[in-house]
1. Give the residues of the range 1-36 that are small (Gly, Ala, Ser) and part of a helix (DSSP H, G or I), sorted by residue number.
2. Can you name every residue in the range 51-62 that is part of a helix (DSSP H, G or I) and farther than 20 Å from residue 6 by Cβ?
3. Residue 39 is checked against (1) in a loop (DSSP other than H, G, I, E, B); (2) touching a Leu at 6+ places or on another chain (Cβ under 9 Å) and fails just one. What number does that condition carry?
4. Could you please tell me which pairs satisfy a Cβ distance under 9 Å, a separation of 6+ or placement on different chains, a first residue in the range 33-62 that is at pLDDT below 90, and a second residue that is exposed (fewer than 10 other Cβ atoms within 10 Å of the Cβ)?
5. Only one of these is surrounded by fewer than 12 Cβ atoms within 10 Å (Cβ to Cβ) and of a type in the set (Lys, Arg): 18, 24. Name it.
Amino acid sequence: MGIWYFLILFVGIFLVVKGLLGNKRNGLVLIGVISIAFSIFMFQPRSDEIISELFNFFGIDI
């Protein structure tokens, strides 16, 4: 599963850099920052338990 988090991290970094180098691409920077934050969160211990609790709270069964 870690490979997917690295992929999200690198895509987020790419989007932030592309958004900062381009003109008026605030959406790319925002999506990039959200992607980076999500991937860093998922690398933390017990993040899977937090996501599982959120799914249970919203009634999503996986």
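1. Residues satisfying the conditions are 2, 12, 19, 27, 32, 35.
2. 52, 53, 54, 55, 56, 57 - these are the residues of the range 51-62 that are part of a helix (DSSP H, G or I) and farther than 20 Å from residue 6 by Cβ.
3. Exception for residue 39: condition (1).
4. Short answer, once both residue conditions are applied: 48/1.
5. Just one listed residue meets the conditions, 24.
The values are calculated or read from the model by the stated rules, or taken from the named source; none is laboratory data. Everything numeric here is computed off the predicted structure, so don't read it as measured data. Cβ coordinates were reconstructed from backbone atoms using ideal geometry, including for glycine residues, and neighbour counts include every protein chain displayed.
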